[in-house]
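Enquirer: One structure is given below, represented as structure tokens, and several questions about it will come after.
The values are calculated or read from the model by the stated rules, or taken from the named source; none is laboratory data. On a predicted model such as this, the values are computed, not experimentally measured, just so you know. Here the Cβ is made from the backbone with ideal geometry for all residues, glycine too, and neighbour counts use every protein chain on show. Note: accessible area is taken over every heavy atom of the protein model, side chains too, but ligands, DNA and RNA are not part of it. Shrake-Rupley method; radii C 1.70, N 1.55, O 1.52, S 1.80 Å.
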Amino acid sequence: AQSVSQHNHHVILSEAASLELGCNYSYGGTVNLFWYVQYPGQHLQLLLKYFSGDPLVKGIKGFEAEFIKSKFSFNLRKPSVQWSDTAEYFCAVNAYAGNTGKLIFGQGTTLQVKP
Amino acid sequence: IAGITQAPTSQILAAGRRMTLRCTQDMRHNAMYWYRQDLGLGLRLIHYSNTAGTTGKGEVPDGYSVSRANTDDFPLTLASAVPSQTSVYFCASSAGWGNEQFFGPGTRLTVL
């Protein structure tokens, strides 16, 4: 069965620190990859997505992610976090073969940025 | 453009009662989904619909049912609520298979 693993459950950083959140998935075929963000009390919003092409994708608010196919990874990065980045971050995978458009989500990573 | 609306925003429900969570989208998306979000478990798919008139089961379908009579609406029904169904429920939609999903604001449900 397809699965998505986010290794960091709770991350605490100071403002201006660099961020990297890990995401690994278990599926050997073609995938679409997503990072969503959920700010406190709000619904999920798309940060960025990878379908094909350049494996380094840039999203909103200075976030980027790199797809490394050989490692089944899609890690999220930001060079310098802000207090407003405090939120929960979800990695999600949509696998092609035999799939009906379902996203498989990781457990989420809570990011707390201290001012 | 509202995107996806969900109702109610929150609800406290006695165990054994029937409850329908409403979801409406105005983007003319073919696919719609229901997830529940629980602490430490992320989002889990309950049911989905790839197009009007069809539905399918997700990871955690037991105790829930859905219908998709038209493109815009995708209600989720709890026939007889139990405390383990206390959760935040999110409805989502996408233009098609593999596309990004857009999420509604959620319904916080407490079953006592």
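Enquirer: Show the residue pairs that are 6+ apart or on different chains and have beta-carbon atoms under 6 Å apart, the first residue being within region B:85-112 and closer than 16 Å to B:Thr5 by Cβ, the second being assigned to a strand (DSSP E or B) and open to solvent by 50 Å² or more (accessible area, probe 1.4 Å).
Expert: Hits for this filter: B:Val88/B:Arg108; B:Ser93/B:Phe102; B:Arg108/B:Ser10.
Enquirer: Go through A:Phe63, A:Phe72 for me and flag whichever is modelled with pLDDT under 95 and surrounded by 11 or more Cβ atoms within 10 Å (Cβ to Cβ). Step through it out loud before you land on a result.
Expert: Details: A:Phe63 fails: modelled with pLDDT under 95.
Selected residue: A:Phe72, the only one of A:Phe63, A:Phe72 that is modelled with pLDDT under 95 and surrounded by 11 or more Cβ atoms within 10 Å (Cβ to Cβ).
Enquirer: Find the residue count for region B:57-83, including only residues that are assigned to a strand (DSSP E or B) and either surrounded by 15 or more Cβ atoms within 10 Å (Cβ to Cβ) or at pLDDT 95 or above (or both).
Expert: Matching residues across region B:57-83 total 7.
Enquirer: Just give me the residues in region B:46-82 being touching a Gly at 6+ places or on another chain (Cβ under 7 Å), over 18 Å from B:Ala95 (Cβ atoms) and either of a type in the set (Ser, Thr, Tyr) or within 10 Å of another protein chain (Cβ to nearest Cβ) (or both), in sequence order.
Expert: Residue satisfying the conditions is B:Ser80 alone.
Enquirer: Check whether at least one residue in region A:75-94 is within 14 Å of another protein chain (Cβ to nearest Cβ), outside any loop (DSSP other than H, G, I, E, B) and among the β-branched types (Val, Ile, Thr), and report yes or no.
Expert: Within region A:75-94 (the criterion being within 14 Å of another protein chain (Cβ to nearest Cβ), outside any loop (DSSP other than H, G, I, E, B) and among the β-branched types (Val, Ile, Thr)), the answer is yes, since at least one residue qualifies.
Enquirer: Of all residues in region B:4-42, which are within 14 Å of another protein chain (Cβ to nearest Cβ), surrounded by fewer than 13 Cβ atoms within 10 Å (Cβ to Cβ) and either at positive phi or assigned to a strand (DSSP E or B) (or both)?
Expert: B:Ser10, B:Gly40
Enquirer: Is it the case that some residue within region A:63-70 is more than 20 Å from B:Ser93 (Cα to Cα), polar (S, T, N, Q) and part of a strand (DSSP E or B)?
Expert: No, region A:63-70 contains no residue that is more than 20 Å from B:Ser93 (Cα to Cα), polar (S, T, N, Q) and part of a strand (DSSP E or B).
Enquirer: Considering only region A:31-60, state which residues are open to solvent by 10 Å² or more (accessible area, probe 1.4 Å), assigned to a strand (DSSP E or B) and closer than 16 Å to A:Glu88 by Cβ.
Expert: Selection gives A:Gln38, A:Gln45, A:Leu46.
Enquirer: Also: Could you say whether any residue in region A:5-21 is outside any loop (DSSP other than H, G, I, E, B), modelled with pLDDT of 95 or more, within 14 Å of another protein chain (Cβ to nearest Cβ) and open to solvent by less than 70 Å² (accessible area, probe 1.4 Å)?
Expert: Yes, there is a match, as at least one residue in region A:5-21 is outside any loop (DSSP other than H, G, I, E, B), modelled with pLDDT of 95 or more, within 14 Å of another protein chain (Cβ to nearest Cβ) and open to solvent by less than 70 Å² (accessible area, probe 1.4 Å).
Enquirer: Condition check: of a type in the set (A, V, I, L, M, F, W, C) and over 17 Å from B:Pro105 (Cα atoms). Does B:Ala81 satisfy that?
Expert: yes
Enquirer: Only residues that are among the small types (Gly, Ala, Ser), out of contact with any Pro (no Cβ under 8 Å at 6 or more places or on another chain) and more than 14 Å from chain B (Cβ to nearest Cβ): list them for region A:31-64, please. Break it down into steps so the answer makes sense when it comes.
Expert: To start, the set of residues in region A:31-64 that are among the small types (Gly, Ala, Ser) comprises A:41, A:52-53, A:59, A:62.
Adding the requirement that they be out of contact with any Pro (no Cβ under 8 Å at 6 or more places or on another chain) leaves A:41, A:52-53, A:59.
A:Gly53, the sole residue that qualifies.
Enquirer: Same structure, new question: Return the pair list, or none, for Cβ contacts closer than 7 Å from residues in region B:43-64 that are on the phi > 0 side of the Ramachandran plot to residues that are surrounded by 19 or more Cβ atoms within 10 Å (Cβ to Cβ), at least 6 apart or on different chains.
Expert: Close Cβ pairs (under 7 Å, with a partner that is surrounded by 19 or more Cβ atoms within 10 Å (Cβ to Cβ)) amount to B:Gly53/B:Arg68; B:Gly63/B:Leu78; B:Gly63/B:Gln85.
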